[in-house]
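Colleague: First the structure, which I've put down as structure tokens, then a few questions once you've had a look.
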């Protein structure tokens, strides 16, 4: 066999080994270490605490500071939170954090949850889809770190939805689905039909607290499923009467 074939094989083995070490699910060959994931959690906590900061996710701030924070995430700086507090850089942290998510193509949600959100769920109540996604996150986030990260990211988007910065006397415009979509759907052209997904994403963000209460989540999911079945039975009966 040619030396080129062996080089390609060794490269695939190398990349495969690198992928197995990742504590987060990623698309591609870049893995994420536990220390890097911990740094991301610090960023999520810091941004959530400063969610009303003016221009968050819309303004890049100081580009050199964005680069510094990104490098600290990449190097798994255990003192990242102290640095963020000292520099007072919520906007830069938000941009650097999202850059890391996109560069490493981190899949925050399990693959089945992504497939459900990406599907054309015609006739399905948005809340039912959102609850089903949360149920998949609860059952299919195979490690504690993956569940922690998914919960923390969705909770940050919940707070951006509810408490995002607002200029006095300004009508609130909800931007959270548009901010989150490129990160939640890595490697997919999501902005093309984000308008149809935005309402479901909002339901997902607003219902994320149910991840802390699995029994209540199961009850809510069962209730919404039963309601949909009743509506469909009533629709069929009406169809028989009018035909």
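No lab work stands behind these numbers, since they all come straight from the coordinates. Fair warning: this is a prediction, and the values are worked out from it, not measured in the lab. All Cβ positions, glycine included, derive from the backbone under ideal geometry; neighbour counts span all protein chains shown.
Colleague: What FRET efficiency would be calculated for the residue pair residue 212, residue 86, taking the C-beta separation as r and a Förster radius of 22 Å, to the nearest 0.05?
Modeller: It comes to 0.10.
Colleague: Still on this model: From the C-alpha coordinates alone, can you work out the Kirkwood hydrodynamic radius of the stretch 100-155, in Å?
Modeller: By the Kirkwood definition, the hydrodynamic radius is 12.0 Å.
Colleague: Please report 220, 92, 140 as a ranked list, fewest other C-beta atoms within 10 angstrom at the top and most at the bottom.
Modeller: 140, 220, 92
Colleague: Rounded to the nearest angstrom and ordered from largest down, what semi-axes does the equivalent ellipsoid of the stretch 21-106 get from its C-alpha gyration tensor (root of 5λ)?
Modeller: Semi-axis lengths for the stretch 21-106 are 21, 13, 11 Å.
Colleague: I need the peptides 67-77, 151-161 ranked by packing, meaning the mean over residues of other C-beta atoms within 10 angstrom, with the highest value on top.
Modeller: 151-161, 67-77
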